[in-house]
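Here the structure comes first, spelled out in structure tokens, and everything after it is commentary.
Laboratory data are not the source of any read-out in this text; all were calculated from the coordinates shown. Given the structure is predicted, the values throughout are model-derived calculations rather than measurements. Methodologically, a virtual Cβ is constructed for each residue, glycine included, from the backbone with ideal geometry; neighbour enumeration extends over all protein chains shown.
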């Protein structure tokens, strides 16, 4: 499924071409190009609104500044609604780590997750289920794609093991949190959904 933004941009010239072929008439007189373009704009606006509505889950951003650098994640927030979607993910498969459009990671810093290093830049984030209580944080080169369009490990930059634990209270909405760590150049990414708590500590290089 293509992304919302690319849908609207790609179809804009198509809608314009379609509109130009319509014999707009009023009492036998062709309507002006201005009116034709106005009608095209109305159609495009309606289409864009429909596409935007497909992103039915709220989106959020988590950001932290560490050692003069920033780390930011933008993602969709699905609700549990009595479900356990991660339990349905088969071991070895990846999940969009949010909802709707893929989750986007951006940083001007080079991050170190143990022995694994992630260069500065933008990546899509995915959650790989390794086992029933074992997950990995995956950084992928492609950005902005729909959450079902994981390009595969060929575009992966890093796969980071995440620590697993269970919280005392269930969190209804999927939540990603970036926070400062104990040291000046340290930080941590925390994933919470239901009673699941996954963490990936990092240092800024």
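The figures follow:
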| read-out | value |
| --- | --- |
| For peptides 152-158, 127-133, 101-107, 196-202, sequence by mean Cβ density within 10 Å, most packed first | 101-107, 196-202, 127-133, 152-158 |
| Using alpha carbons only: equivalent-ellipsoid semi-axes of the range 86-174, gyration tensor based, whole Å | 21, 16, 14 |
| Fully extended contour minus Cα-Cα distance, from residue 165 to residue 130, at 0.36 nm per residue | 11.1 nm |
| Order of 88, 191 under a 10 Å beta carbon neighbour criterion, fewest first | 88, 191 |
| Rough spin-label spacing in nm, given labels placed 7 Å along Cα→Cβ, for residue 81 and residue 115 | 4.3 |
